[in-house]
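Taking it in order: structure first as C-alpha cells, then the write-up.
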Amino acid sequence: MLKTIAGMKDILPSEISQWHYVEKICMEVFKNFNYKEIRTPILEMTALFKRGVGETTDIVEKEMYTFEDRDKTSLSLRPEGTAPVVRAYIQNKLFNDQPVTKLYYMGEMYRHERPQKGRYRAFHQIGAEYFGATSPLADAEIISLISEILNRLDIKSYVFYINTIGCQECRPKYKEALKNYFSNHFDNLCEHCQKRLDTNPLRVLDCKNSKCKEIAESSPIIIDYVCDTCKTHHEELIKLVDFIKIPYKIDYRIVRGLDYYVRTTFEVKEEGGILGAQNTILGGGRYNGLVSQLDGPETEAIGFAIGVERLLYLLENISNSEYIDYVVIPLGKEQIDMAFKIATSLRIKGFSVDIDPRSGSLKSQMRWANKLGAKSVILIGENELKNSSYIEKNMETSEQKVCSINDVLN
RNA sequence: GUGGGAGUAGCUCAGUUGGCAGAGCACAGGAUUGUGGCUCCUGUGGUCGCGGGUUCAAAUCCCGUCUUCCACCCCA
C-alpha cells in the first residue's frame, strides 16, 4: 500500500474543524492589528534560503528538501516562511505602497528532520512579518498580537520569554565574554558544548544538559554587554509590554538558531509536559539585515511563526458538534424522485441536507440520520406522496408535523 | 544524522513454554406492518507492517527493511 512520506500526515475530516477554528481566530486577530495575508509558492530557489536563513544553519545545511529542476536550477521546498515573504516583499516592491508593511501567512513548511512528537517533516506555520519599523513599538505590537491570539484560543499553559541578543556591533563582545567564561569550565561541559564553544557559544546557554545548565546559571548576561541602541530598544519594549499588562519572563538564554536575528528575540513555550521535548509553540524576533541581504532596500523588520501542530496539542477540546439541517428519507423506491427533489430545493435555499443513497429500511435511514446529527428528518411514504405532503420530524423533541410538498418546493 | 521502545480487525488492545487469529468499541442487519438515540441478538471485517531465515509448525525465535513513538542534535 502506498502511504504518506515519513513525518507527513493527512489532516482528516474529523480534525479539520480544529484547524478552521485556529485559522479563523488568527485571521480575526490579524485583521484587528491591520495585517494583510500573503501567499507565496511552497517551492523557491535554494539560493533564497541559503542567503536568507543562513548557509551554516542546520535548516539549510541538512534539513531542506532540495532537488534540481529540469533546467538544473536547484529548488527547495520552503523550510520556513520568512525568507519567501521577504523575497515577495522585495520582488513586488511592496515597500513603495506603504511606509510600513504588515503581512501574515499560513501554510505548510518542509524540513527533513527525524520525526518526533510535535515535529513533522511537513508542518504548518502561521506567521507574520512587520516591515519598515525601527521602533520598539513594532516589537511590542507583535508581542501583543501573539498574546491576543493565545488568549482568544483560550490557551493558558504557556510562558512568554523575551530577550535581546544585541546587534552585529555588540554581540561579538558578548560572545567573547561567554567564550572566556565557559573556557574556565571546559572540562565540565558536555561534549556538544565543548564543540559549540568555538562555533556558537550562545548555544551553550540553552543546552539541556544539567551540568551545562548549572554552569550557564552564572555566566555573563547579554544585557550587560549590548550597546546603548540595543539596550534602549530593549528597555522601551519592556516598558510598552508592561504598560499593556502582558505577562512575560525575561530570559537571557533565548538565543534562537537562525542567522538573521538581531535585538529582540522571543519564544512561547509550553512547560506542562504536554509537548515533550519540542515544547516551543512559537518563536520570532527582529531581523534588520535580511531585506537588504536579499537585495532589497535597507529595511528593519520583525516577525514570528506559530507551529500549528504544536498549538493544536494545547487546544482544549473544542465542541466538535457536527450537525446537518435535514436528512430526507423516502420510505420506498417510489418516493426517491420526490425525496431528491425536496432535498435539492432545501439545498438551494441554503440548508445542509443529505439523502441516503443506499435506500435501506426506514430504521436504517433513521439511524443514519441520527448519526449525521440531523436536526430534522423529512419522511415521504406512499400515503404522503398521494396527498402531496411529507412528515417533518424534529430529532431532538421527536415532534412530527405534516407539511405540504408544494410549500417546500416554492 | 545518532540511540532506545513499538507495529495483530477501521480504533484501543489481548494472544501462555512456537501448535487452528481473539475481545471491546466502531460498522452493517434485525428484535411482528411506516420512525433514530438506550438495551438485546446476529453478521461483515486480518498478507499478524513488509521481505528473508530457523522449524514438522512462526503473530511468537533470528536478520534486514519500512513506519511510528521517545530522546539527542536542532527547531515551529
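The values are calculated or read from the model by the stated rules, or taken from the named source; none is laboratory data. Everything numeric in this text was worked out from a predicted model, so none of it was measured. Glycine gets a Cβ as well: all are built from the backbone with ideal geometry, and neighbour counts include every protein chain shown. Only protein heavy atoms, including side chains, enter the accessible area calculation; ligands, DNA and RNA are left aside. Shrake-Rupley method; radii C 1.70, N 1.55, O 1.52, S 1.80 Å.
So that you can scan it fast, the table gives a plain yes or no per residue for (1) in contact (Cβ under 8 Å) with a residue 24 or more places away in the chain; (2) over 32 Å from the mean Cα position of the chain (by Cα); (3) within 30 Å of residue A:140 (Cβ to Cβ):
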| site | (1), (2), (3) |
| --- | --- |
| A:168 | yes, no, yes |
| A:182 | yes, yes, no |
| A:189 | yes, yes, no |
| A:192 | no, no, no |
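Could you list all residues from the stretch A:1-26 that are closer than 22 Å to residue A:85 by Cα and in contact (Cβ under 8 Å) with a residue 60 or more places away in the chain? Passing the criteria: A:22, A:23, A:25, A:26.
Under the condition of being touching an Asp or Glu at 6+ places or on another chain (Cβ under 6 Å) and open to solvent by 10 Å² or more (accessible area, probe 1.4 Å), the residues counted in the stretch A:284-310 number 2. Screening residue A:220 on (1) in a helix (DSSP H, G or I); (2) open to solvent by less than 80 Å² (accessible area, probe 1.4 Å); (3) not assigned by TED's automatic domain parsing to the domain that holds residue A:49 shows it passes everything except condition (1). Evaluate the following for residue A:301: is it touching a helix residue (DSSP H, G or I) at 6+ places or on another chain (Cβ under 9 Å) and closer than 30 Å to residue A:116 by Cα? In short, no. Being surrounded by 11 or more Cβ atoms within 10 Å (Cβ to Cβ) and either among the aromatic types (Phe, Trp, Tyr) or within 16 Å of RNA strand B (Cβ to nearest atom) (or both) is the filter here; which residues of the stretch A:7-22 pass it? Once the filter is applied, which keeps residues that are surrounded by 11 or more Cβ atoms within 10 Å (Cβ to Cβ) and either among the aromatic types (Phe, Trp, Tyr) or within 16 Å of RNA strand B (Cβ to nearest atom) (or both), the stretch A:7-22 yields A:7, A:8, A:9, A:11, A:15, A:18, A:19, A:21, A:22. Being near RNA strand B (Cβ under 10 Å from one of its atoms), open to solvent by 50 Å² or more (accessible area, probe 1.4 Å), on the phi < 0 side of the Ramachandran plot and assigned to a loop (DSSP other than H, G, I, E, B): is that true of residue A:195 here? No; evaluated as a whole, the condition is false for this residue. Considering only residues in the stretch A:85-118 that are more than 22 Å from residue A:286 (Cα to Cα) and within 13 Å of the chain's Cα centre (by Cα), the one that is farthest from RNA strand B (Cβ to nearest atom) turns out to be A:108.
Taking residue A:115 as the residue in question, decide whether it is open to solvent by less than 40 Å² (accessible area, probe 1.4 Å) and in the same structural domain as residue A:26 (by TED's automatic domain parsing). Against the criterion (open to solvent by less than 40 Å² (accessible area, probe 1.4 Å) and in the same structural domain as residue A:26 (by TED's automatic domain parsing)), residue A:115 does not qualify.
In the stretch A:360-380, the residue that is farthest from RNA strand B (Cβ to nearest atom) out of those that are open to solvent by 20 Å² or more (accessible area, probe 1.4 Å), in contact (Cβ under 8 Å) with a residue 24 or more places away in the chain and part of a helix (DSSP H, G or I) is A:372.
Restricted to the stretch A:37-147, the set of helices (runs of 4 or more DSSP H) holding at least 3 residues that are at pLDDT below 95 comprises A:46-52, A:58-62.
Among residues of the stretch A:381-402 being over 46 Å from the mean Cα position of the chain (by Cα) and closer than 19 Å to residue A:352 by Cα, the one that is surrounded by the most Cβ atoms within 10 Å (Cβ to Cβ) is A:390.
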